[in-house]
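Have a look at the structure below, then the notes.
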Amino acid sequence: MGLNGLVVCLFEESEALEHLAFKLEQEQLVLVAAKPRLLARNSAEFEQAVKDLDVVSRRREQLVAATAAELGLSPTTTLSALADSAADEDERRVLGERRQVMRAQVARINELCTKNREILARNLAGTTDALSLLGESPSYTAMATTTAGAPRARMLDARA
């Protein structure tokens, strides 16, 4: 299959990364819109996108190892080293470009994950604050279950 098969696989992996980024952006919209009923569905779709990416990534690893062996390189050769070793200038350019595109996609996915965690943390803080105003502040056990706190006296500002 050689370099051509690897290039095709890299395009497929790039598409899988783009789909994963889309699912993260979709999750962000669901979180910002405060639509928890949609979160479970989005999470299931996100998990499927991760599985799809894993399948393509494993195939890419196999193709990199096979192509590296064809070129007399170590099976653990990186994509960058493989691109540098390609005989044809066009192959070097395409492999280098694919590598850069995929690195940018991974950076974007990391940014989206960070942003989604921040939104979740804000939403959790808001929920905890609201519950504490009601005199209920749940705590979490080691098994991730909640226990209701003891009822407390409440004081509300009637002017508010």
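No value in this document is a laboratory result; all are computed from the given coordinates. Values in this document were obtained by computation on a predicted structure and should not be read as measured data. Here the Cβ positions follow ideal geometry from the backbone for every residue, glycine too, while neighbour counts run over all protein chains shown.
Please state, to two decimals, what the Cα-based radius of gyration of the range 66-125 comes to when divided by 2.2 N^0.38 Å (N = residues).
After normalising by residue count via 2.2 N^0.38 Å, the value is 1.72.
Excluding ALA40 itself, calculate the net charge of residues whose Cβ lies under 12 Å from the Cβ of ALA40, where each Lys or Arg counts +1 and each Asp or Glu counts -1.
That sum, taken over residues with Cβ under 12 Å, equals 0.
Below 18 Å, Cα to Cα, which lysines can LYS35 reach? Residues fewer than 8 away in the same chain don't count.
Qualifying lysines at Cα under 18 Å: LYS23, LYS115.
What is the spin-label model distance, in nm, from ASN123 to GLU15 if the labels are put 7 Å beyond Cα along the C-beta direction?
So the label points at ASN123 and GLU15 sit 3.1 nm apart.
Suppose R0 equals 30 Å; then what is the FRET efficiency for ALA107 and SER85 from their Cβ-Cβ distance, rounded to the nearest 0.05?
Plugging the Cβ-Cβ distance into 1/(1 + (r/R0)^6) gives 0.75.
Net charge near ALA87: determine it from the other residues with C-beta under 13 Å of the C-beta of ALA87, scoring Lys and Arg +1 and Asp and Glu -1.
Values: positive: ARG92, ARG93; negative: GLU70, ASP84, ASP88, GLU89, ASP90, GLU91.
Charge balance in the 13 Å sphere: -4.
Report the dimensions of the range 2-147 along its three principal axes from the alpha-carbon atoms, largest first, rounded to Å.
Principal extents (largest minus smallest coordinate, Cα): 70, 29, 22 Å.
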